[in-house]
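Here is the structure we will look at.
Nothing in this text is a laboratory measurement; each read-out follows from the coordinates by a stated rule. The shown structure was predicted, so the numbers you read here are calculated from the model rather than taken from an experiment. Positions of Cβ are backbone-derived with ideal geometry, glycine not excepted, and every protein chain shown enters the neighbour counts.
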Amino acid sequence: DAGITQSPRHKVTETGTPVTLRCHQTENHRYMYWYRQDPGHGLRLIHYSYGVKDTDKGEVSDGYSVSRSKTEDFLLTLESATSSQTSVYFCAISERGRGDGYTFGSGTRLTVV
Amino acid sequence: DQQVKQNSPSLSVQEGRISILNCDYTNSMFDYFLWYKKYPAEGPTFLISISSIKDKNEDGRFTVFLNKSAKHLSLHIVPSQPGDSAVYFCAASGYGSGNTGKLIFGQGTTLQVKP
């Protein structure tokens, strides 16, 4: 049992369309994070959540929004997809936040054409 | 500005030898450091961590060393095995992130262990 799942695993979308990626956890962890992985940049934080309806921006948040209406779900929306948002997106969860490690999902590979 | 840097994109070592992966950071507020391992098409998995009150932490074949004065940490894998071939990310968090546990990651180092 994975504990954290991301959907979809792969998606191809057109420039200018909205896209929503879903992260679902069964661990009841308070903290959830969205990262993107790009060559030469490692993992960069997009947005994070520290509780239901409590979210904040990370270092690369432009063009992205998030929502967390339930503990178990954290949604990432690309409001109007651009080719620069082609990336692999990872969701992560953490029980205690500070001083804790993350558990990552398997990732979503998004291609914007 | 890259606060966590892994300056070696790749490393190749022979099976049974030591692998040393390096990581530098610039933010003196960082006080907790972690290493993650990532295989292709999978999410990163937690490997080992170290708090700034320590200078060494061991877990089996993996040891992390922290040199606070140099703002440098390293991961030693002894002995290296072919199954260790993966991308390794170092990460850091600190007081500036409050209690949210935000991690700042380096660019990653691809380790290849040759049989």
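For the stretch B:72-92, backbone nitrogen atoms closer than 18 Å to the point 7 Å from B:Lys54 Cα along Cα-to-C-beta are found at B:72-78, B:90-92. The mean number of Cβ atoms from other chains found within 10 Å of a Cβ in peptide A:37-45 is 6, as a whole number.
Peptide B:34-42 is shielded by partner chain Cβ atoms: per residue, an average of 3 of them sit within 10 Å of its Cβ. Across all Cα pairs in the protein assembly as shown, the calculated P(r) in 10 Å bins from zero up to the longest distance comes to 8, 33, 35, 19, 4, 0 percent per bin. For chain B, the relative contact order works out to 37 percent when only alpha carbon pairs closer than 8 Å and six or more residues apart are counted.
On average, how much area does the Cα convex hull of chain B cover when viewed from any direction, in nm²? Let's see the in-between values first.
Details: hull surface 28.5 nm².
Averaged projected area of chain B's Cα convex hull equals 7.1 nm².
The Kirkwood hydrodynamic radius of the stretch B:47-90, based on inverse pair distances between different Cα atoms, is 11.3 Å.
How far is the Cα center of the stretch A:52-113 from the Cα center of the stretch A:8-31, in Å? The stretch A:52-113 and the stretch A:8-31 have Cα centres spaced 7 Å from each other.
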